[in-house]
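The values are calculated or read from the model by the stated rules, or taken from the named source; none is laboratory data. Note that the structure is a prediction, hence the values are computed from the model and not measured. Because the Cβ atoms are built from the backbone with ideal geometry, glycine has one as well, and the counts that use them run over all protein chains shown. These accessible areas exclude ligands, DNA and RNA; they are computed on the full protein's heavy atoms, side chains included. Shrake-Rupley method; radii C 1.70, N 1.55, O 1.52, S 1.80 Å.
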Amino acid sequence: MYIVTISSELAPAAKVGGLADMVYGLSREMRIRGHSMEVILPKYDCIRYDHVWGLAVCYDNLWVPWWGGAIRCTVYSGHVHGQLCFFIDPHSNDHFFNRGSFYGFHDEAMRYAFFTRAALEFMYKSGKRPDIIHSHDWQTGLTAALLYEIYGPLGMNTSRVIHTIHNFKHQGHAGVEALFATGLNRPEYYFSTERMGDDHNPFAINFTKAAIVYSNFVTTVSRKHAWEAMHTDQGYGMGHTLHRFSSKFGGVLNGLDYDMWNPEWDPHIPHHYSVRDLDDIPGKAENKTVLRQRLLLEQNDRPIVSYVGRLDTQKGVHLIRHALFAAIHNNAQFVLLGTSPEYGLNDYFWHLKHYLNDNPNCHLEIGFNEELSRLIYSGSDMFIVPSLFEPCGLTQMIAMRYGTVPIVRAVGGLGDTVFDWDFSPRPVEERNGFVFESADYHGLESAMFRAFGLYGNSEYWKKIRANCMRVDYSWNHPGTDYLNIYEFIRHR
Ligand code: ADP
């Protein structure tokens, strides 16, 4: 099969969060299975070009229709760890992708509407006719609409589109300008709530809704979240549309790239280990010592609880803060690595960092640091993910891979991947963490204190840690699920 992915992120070159990991992991899995896979990305100035090999111009003078005129683009090709990618570089005064960071601008909807139109124009002009086009999140939500409304009539009518929603909170709204700029025009037609008109704002089109209506299949990133999006407020107003199109909507759990995340050869951790090592996994204990040295934590016999991730209200920041104090007041240590695009939240954690500066049992690192994140995953004992909602969540899977026991709230993908040591109905060998239901301090503490209790019993702790490391959350199963969907829509 010939598959082209259009995405705003790809790990590790253009990574903000789990979307990047997912696109990389799924692409790699498809390549391993013998399919032809290409990824189209914006050519941001902030890409980590040290992860891109052989970058070269492959299509100059691509004129992309925009506002009745056209913008000239140069398309570069290059490989990101074996994955063939195309990077679109527009030459216009808008400087859509030359702004020093990936997201966070006032004209976000127009930036990505342009990117999506440019990606399709590139495929059209360069003669690419993939069997499957896989688009991701609101940024590329107009893919199917542009394909079927503009490029289909021009002859690009053999491709089918699957769209994956990674986060319902961000849906992409724009006014009539997005229609005129992309050449869709006809606002009276598209603003209908039958098509892409937002259900809650009569003056906006909704990119995610456009994706659901026009794509041949729509997925979100876990089964549980698919249900939550349809039946609870976690769909952020998209429940009605999902019900309308429920026959082409489903949840597929993201996989984790087990080669990229592997404590047996991860180059960023000083001591390598595996579940086959001696019972007490000495390599992991040595990494714990190194982590403490690096973050100036006291060397003692306390467990380390950690958090790595965006500091976003979605992640339950009040619970993360509470976990920190619950840990240091109950004979544990706490490590946090995170950053937030919201100034208020970032400032809040900076204040907390200064306040706790001299505490030998906790460390807060505000920023994005892939290398440090790996040392934290491997050197900690427990990993906290108290999200208010979590479509899939990769951090709990990474933590488990590194033998760190997750403590999570039972939402979305967290509920699909972590099974409570004490209360899960599953067999003991499948129980791999601590789970709580209610998003409050009591809920969180109930799980944390049970984890601390088990840590005191080294025999059981070894068992739960081994359960974490043995579970298979690689791309093996999700890869098959996506292939089945590709095959299913390909012939429709
Ligand atoms: P989301 O996509 O909602 O941000 P996920 O759990 O799906 O959350 O994925 C987060 C990914 O980003 C993980 O690979 C995690 O290690 C990484 N990550 C998030 N924040 C940081 C950070 N500050 N430093 C390093 N890695 C980070």
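Given the criteria under 20 Å from Asp107 (Cα atoms) and open to solvent by 70 Å² or more (accessible area, probe 1.4 Å), does His173 qualify? Yes. Residues that are buried (at least 18 other Cβ atoms within 10 Å of the Cβ), more than 16 Å from the ligand (Cβ to nearest atom) and closer than 30 Å to Phe207 by Cβ do not occur anywhere in the stretch 296-312. Of all residues in the stretch 158-170, which are out of contact with any Lys or Arg (no Cβ under 9 Å at 6 or more places or on another chain) and either more than 16 Å from the ligand (Cβ to nearest atom) or more than 30 Å from Gly17 (Cβ to Cβ) (or both)? Across the stretch 158-170, the qualifying residues are Val161, Ile162, His163.
Each residue in the stretch 38-57 was checked for being assigned to a strand (DSSP E or B), open to solvent by 10 Å² or more (accessible area, probe 1.4 Å) and touching a residue at least 40 places away in the same chain (Cβ under 8 Å), and 1 of them qualify.
Of all residues in the stretch 436-490, those satisfying the criterion of being assigned to a loop (DSSP other than H, G, I, E, B) and farther than 30 Å from Ile32 by Cβ are Glu437, Ser438, Ala439, Asp440, Gly456, Asn457.
Here the stretch 435-473 is the region considered, the condition is being more than 25 Å from Phe389 (Cα to Cα), in contact (Cβ under 8 Å) with a residue 40 or more places away in the chain and small (Gly, Ala, Ser), and the residue that is surrounded by the most Cβ atoms within 10 Å (Cβ to Cβ) is Ala466. Against the test of being assigned to a helix (DSSP H, G or I) and either closer than 23 Å to Thr164 by Cα or within 21 Å of the chain's Cα centre (by Cα) (or both), the options Glu177, Glu228, Glu194, Glu188 yield a single qualifying residue, Glu228. Look at Ala14 and say whether it is open to solvent by less than 10 Å² (accessible area, probe 1.4 Å), free of Cβ contacts under 8 Å to residues at least 40 places away in the same chain and within 16 Å of the ligand (Cβ to nearest atom). It is false that Ala14 is open to solvent by less than 10 Å² (accessible area, probe 1.4 Å), free of Cβ contacts under 8 Å to residues at least 40 places away in the same chain and within 16 Å of the ligand (Cβ to nearest atom). A single member of Arg409, Arg431, Arg401 is in contact (Cβ under 8 Å) with a residue 40 or more places away in the chain, of a type in the set (D, E, K, R) and farther than 25 Å from Thr289 by Cβ, and it is Arg409.
Taking residues in the stretch 383-397 that are in contact (Cβ under 8 Å) with a residue 24 or more places away in the chain and over 18 Å from Ala447 (Cα atoms), and partners anywhere that are within 8 Å of the ligand (Cβ to nearest atom) and among the charged types (D, E, K, R), the pairs with Cβ atoms closer than 6 Å and at least 6 places apart or on different chains are Leu394/Asp21. Set side by side, the residues Leu120, Leu19 differ, and just one is in contact (Cβ under 8 Å) with a residue 12 or more places away in the chain, in a helix (DSSP H, G or I), within 16 Å of the ligand (Cβ to nearest atom) and open to solvent by less than 30 Å² (accessible area, probe 1.4 Å), which is Leu19. Restricting attention to the stretch 318-347 and to residues that are buried (at least 16 other Cβ atoms within 10 Å of the Cβ) and more than 28 Å from Lys284 (Cα to Cα), the residue that is nearest to the ligand (Cβ to nearest atom) turns out to be Ser340.
On the stretch given as the stretch 425-443, residues that are of a type outside the set (Phe, Trp, Tyr) and more than 24 Å from Ala229 (Cβ to Cβ) total 9. For the stretch 373-388, a residue qualifies if it is touching a His at 6+ places or on another chain (Cβ under 8 Å) and near the ligand (Cβ under 10 Å from one of its atoms), and exactly one does: Arg374. Counting only residues that are under 17 Å from Arg28 (Cβ atoms) and touching a helix residue (DSSP H, G or I) at 6+ places or on another chain (Cβ under 7 Å), the stretch 263-282 holds 1 of them.
Residues checked against (1) of a type in the set (A, V, I, L, M); (2) open to solvent by 50 Å² or more (accessible area, probe 1.4 Å):
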| position | (1), (2) |
| --- | --- |
| Ser192 | no, no |
| Pro202 | no, yes |
| Ile212 | yes, no |
| Ser222 | no, no |
| Arg244 | no, yes |
| Gly250 | no, no |
